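The values are calculated or read from the model by the stated rules, or taken from the named source; none is laboratory data. Given the structure is predicted, the values throughout are model-derived calculations rather than measurements. Please note: Cβ atoms are built from the backbone with ideal geometry, for glycine as well, and neighbour counts cover all protein chains shown.
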C-alpha cells in the first residue's frame, strides 16, 4: 500500500474508500511505502528488486497479454523481487 494512503495524504480516487473498507472490516492498514522507498526496504530482507510497477504498467504488461480484464486501482503497486 502506498504510504500516502496510510497517512491520509493521497488524493487518488478510491484511497479514502479503501482505508475505510479495511477499518470497517477490522483490519486497518498500518504500513505503507512510497515507491522510491521499496528498494531500500526489501534489501533488509536479502531481496533484490526486479520490478516496482504501478497500475498502467501492470495492466499493459501483465493483464493485457493474457486478455484479463481486471480492475487495478491507481493506488496499488506490484513489487517483484528475488532472494539474494
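Across the stretch 25-40, which residue is modelled with the highest pLDDT among those that are surrounded by 10 or more Cβ atoms within 10 Å (Cβ to Cβ) and more than 14 Å from the chain's Cα centre (by Cα)?
Result: 40.
Which ones in the stretch 9-24 are more than 18 Å from residue 72 (Cα to Cα) and either at pLDDT below 85 or surrounded by 14 or more Cβ atoms within 10 Å (Cβ to Cβ) (or both)?
none
Restricting to the stretch 53-75, what's the tally of residues that are surrounded by 11 or more Cβ atoms within 10 Å (Cβ to Cβ) and out of contact with any helix residue (DSSP H, G or I) (no Cβ under 9 Å at 6 or more places or on another chain)?
Count: 9.
Which pairs turn up if I take residues in the stretch 39-67 that are in contact (Cβ under 8 Å) with a residue 24 or more places away in the chain and at positive phi and look for partners that are part of a loop (DSSP other than H, G, I, E, B) and surrounded by fewer than 15 Cβ atoms within 10 Å (Cβ to Cβ) with beta carbon separation below 9 Å, at least 6 apart in sequence or on another chain?
46/84
Select from the stretch 3-14 the residues that are touching a strand residue (DSSP E or B) at 6+ places or on another chain (Cβ under 8 Å) and touching a residue at least 60 places away in the same chain (Cβ under 8 Å) and list them in ascending order.
10
Here is a yes/no grid of residues against (1) in contact with a strand residue (DSSP E or B) (Cβ under 8 Å, 6 or more places away or on another chain); (2) modelled with pLDDT of 90 or more; (3) more than 26 Å from residue 16 (Cα to Cα):
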| site | (1), (2), (3) |
| --- | --- |
| 42 | yes, yes, yes |
| 48 | yes, yes, yes |
| 51 | yes, yes, yes |
| 55 | no, no, no |
| 66 | no, yes, yes |
| 70 | no, no, no |
| 75 | yes, no, no |
| 81 | yes, yes, yes |
